[in-house]
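Read through the structure below, which is laid out as structure tokens, and then see the notes.
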Amino acid sequence: MGDAIVLSGVRKTFGPKVAVEGIDLSIPEGSLVGFIGPNGAGKTTTIRMIMSILFPDAGQISVLGKASAIESKDRIGYLPEERGLYRKMRVGAFLCHMAQLKGAPPEGIKQKVYGWLERVNLADCFKKKCEELSKGMQQKVQFLSAILHEPDLLILDEPFSGLDPVNMRLLKDLFLEQHQMGRTIIFSTHQMHQAEQLCDRIVMINKGQKVLDSTLGHIRAQHDPRTVLVEPMDGLRDGTALRNEPWVRDVTPRGELLEIGLRDGIEPRDAIRKIAEMMPVSRIELHRPTLEDIFVEIAQGEGESAETVRESLHAAAKSEEVGT
Amino acid sequence: MNKVLRVAWREFTSTVLTKGFILAIVLPLILLGMMIVLMPLLLTEKAPKVSGSVAFIDPSGEVMPAIREAMTPEAILKRQDRREGDLREALGRAAPKGLATDGQLDAAAKSAIAQSPKLDLTIEELPADASIESEKEPLKTGTAQDGGRLALIAISPTAITRQSTDEPFGSFELYTKPKLDDRVSDDVRDVVRDAILNARILAAGQDPAIIRALTRVDRPDAVTVSKEGEQKTSKWEILLPFGFMALIMISVMVSGQGLLTTTIEEKSNRIVEVLLSALSPMELMTGKIIGQMGVGLTLMAVYGALGGGVLAIFAMLSQISPLNAVLLVVYFVLAYVMVASMMAAVGAAVNDVREAQSLMTPIMLMVMLPYMLWLPISRDPNGAFATVLGLLPPISPFVMVLRLNSTEPPPMWQIPVSIVINVVSVYIMLRLTAKIFRVGLLMYGKPPNFATLIKWVRMA
């Protein structure tokens, strides 16, 4: 299988601000890729360039084997971050309109739209005006407008933001179904756990640069666990004794727990044994790094403090919840 | 192309099927219908009755006989009949040939006369030496509706005979009760005036009938003489070109405004990015412009048919040449695309309708300009002023329509020249506005000013 998308040396500036700085990327056909990174990292700009809505200042983009998305627009389904509906238009008419704008044949389009609305429990909304729908319902309609014309490539910018858990599950199922049908899917999120749950490949973008591009398993293997979480039995231990051990890098209290960073050269299982010997513990475990941890680690490597990075990630997630 | 037409179709239906637009189409029809049905009903309403007395002080005693004669009920009725006749004639003159049947004119005159109050007046002849001041007293109580003395007329002692030929004749004074129908006082005034005239003519030893015949000269209407034939000049000839210009102007305004609204909606509701994933900004803009052009043409067809219907009633349809009708559509398209491309750019640049106001002002001024220049242009449709404006975009299409339908159409060569000039300027405008449209659609935040727009044109 070839690559659905190839970016090489893509750069985009808005006035003095560099939004994307030399991104190289290739996304194989049929893969499910998550774009992650904090707000303002350059995810949306990259996606807009892939969609040929914006044009790069430098570099090459090829989409579905064509020099630009313009030539393969009808084979792409796109759900932008900034999305809306014609408020006065009826849901059925809107979906038919969008599908046909995307090149779906007019024959049988109504039945198809009706069938899809049924699948997302909106069958009774076919004749309703878009403005009568709730936010979550609108989002489902928008999702449908991206997949109705059966595209080979799906690009979804923050597809799950602002959904309640029930609808989130519904959309995730549809999403995975599209993936199983062999469609290439790219979606962006700054909710790292979503990417962790769904993607088989992660592209991390920070400050306009690609800082990570790998499969989830590979990433985990690279960032092997070097942290042990300990819950001391008497709850009063401050971990001073541990700090003096040569194999301990640092000890950070986290509520009831102590987070113990390991120096290179010691196997985690040896460390766990040694800790258990040193103090009575009610719980001890090897801490698997989350994508957030990995992101923080990478950002730290670029000279940012762990706190600022975590804060910016959480602020982004919070504003998302409030904003939508 | 298919996608462009889909966008156009949505644009068209989403504007034409709104309540506002349907109302704009239906309302004039309803108003016209109401005028046809309700006007006669309103006109046949009973005229008010005025009864009371009119007091006269005639020191010479020479005027009263004529007044007495003129104030009998029969004479009053006769005057009303005569006025009806005058009105009938006046209506016939005002309306161009074939405006309406004679029966319609009679009915119109009759119904207008029926409106005038029924007079039931008696004459009070006061002594020649009565005091004007004390005779005014009865006028001060109540209003004309209460009856009693309605008016006091004091004729000057020198009204008929003057002291010497160097002095002017005296006149008369008219005092009335409050709220007296002005048609009553007019009638009384006319009666006294005529009576005084008659008395003077008799005093001079002449026959009033002969003198009246001698002094009457009817006022003629101007007749325009040209190679095509002779024609009576009427107000309609100056109104017709204005009607044409108003038609093109309203259509351009409504459809341009529609384009602005839908563009702002697409941008502020964030639909635009989904649209741009399906088609290019140029395709989107083209589709939108075509769709709203359909709206403008629909409006023009409906109002044009309405106007044509009115002209057909007046048998004036022949005054519109088919060429001018075709050119009306051509100039509409040119004027519309010019305005629409600017509207699209403004709609794409701003975040909401409020922000659009400041950028819209120059466009609105541009469209309104020919309206303000209507009179100077139609007075001299082939003068240097009108000729230059007719070739000067962006107001050229409006001015050309005005000139084409005036009594002196411009030379034929100016038509293709103005069309070519407009096509070129529309093309340039489209190039510029398309850039603003493309950049503006995805720009949110600070409302742009003209400097920003120029920056975007350079950027794109």
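The values are calculated or read from the model by the stated rules, or taken from the named source; none is laboratory data. Quick caveat, the model's predicted, so the values are computed rather than measured. All Cβ positions, glycine included, derive from the backbone under ideal geometry; neighbour counts span all protein chains shown. Areas reflect the complete protein model, heavy atoms only, side chains present, ligands, DNA and RNA absent. Shrake-Rupley method; radii C 1.70, N 1.55, O 1.52, S 1.80 Å.
Points worth noting:
- The condition of being closer than 19 Å to residue B:358 by Cα and modelled with pLDDT under 90 holds for only one of B:440, B:383, that being B:440.
- Helices (runs of 4 or more DSSP H) lying entirely in the range B:346-412 (those with 2 or more residues that are closer than 19 Å to residue B:426 by Cβ and open to solvent by 10 Å² or more (accessible area, probe 1.4 Å)): B:353-372, B:384-391
- Restricting the range A:180-197 to residues that are more than 20 Å from residue A:69 (Cα to Cα) and touching a residue at least 60 places away in the same chain (Cβ under 8 Å), the residue that is surrounded by the fewest Cβ atoms within 10 Å (Cβ to Cβ): A:193
- Filter pass, residue B:209 being in the same structural domain as residue B:72 (by TED's automatic domain parsing) and either touching a residue at least 40 places away in the same chain (Cβ under 8 Å) or of a type in the set (Phe, Trp, Tyr) (or both): no
- Residue A:86 vs. criteria crowded, with 18+ Cβ neighbours inside 10 Å and in the same structural domain as residue A:150 (by TED's automatic domain parsing): yes
- Residue within the range A:108-122 that is without any contact (Cβ under 8 Å) to a residue 40 or more places away in the chain and among the β-branched types (Val, Ile, Thr) present: yes
Okay, residues lined up against (1) at pLDDT 80 or above; (2) part of a helix (DSSP H, G or I):
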{"residue": "B:5", "(1), (2)": "yes, yes"}
{"residue": "B:10", "(1), (2)": "yes, yes"}
{"residue": "B:26", "(1), (2)": "yes, yes"}
{"residue": "B:36", "(1), (2)": "no, yes"}
{"residue": "B:54", "(1), (2)": "yes, no"}
{"residue": "B:67", "(1), (2)": "yes, yes"}
{"residue": "B:86", "(1), (2)": "no, yes"}
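- Candidate set from the range B:423-460 (those that are among the aromatic types (Phe, Trp, Tyr) and closer than 21 Å to residue A:84 by Cβ); member that is farthest from the other protein chains (Cβ to nearest Cβ): B:437
- Residue that is nearest to residue B:180 (Cα to Cα) [pool: residues in the range B:124-140 that are aliphatic (A, V, I, L, M) and surrounded by 15 or more Cβ atoms within 10 Å (Cβ to Cβ)]: B:139
- The residue that is surrounded by the fewest Cβ atoms within 10 Å (Cβ to Cβ), counting only those in the range A:41-54 that are over 15 Å from residue A:5 (Cα atoms) and facing chain B (nearest Cβ under 10 Å), is A:54.
- The condition (being open to solvent by 30 Å² or more (accessible area, probe 1.4 Å) and among the aliphatic types (A, V, I, L, M)) is satisfied by just one residue among A:76, A:70: A:70.
- Failed condition for residue B:444, given (1) part of a loop (DSSP other than H, G, I, E, B); (2) open to solvent by less than 10 Å² (accessible area, probe 1.4 Å); (3) hydroxyl-bearing (Ser, Thr, Tyr): (2)
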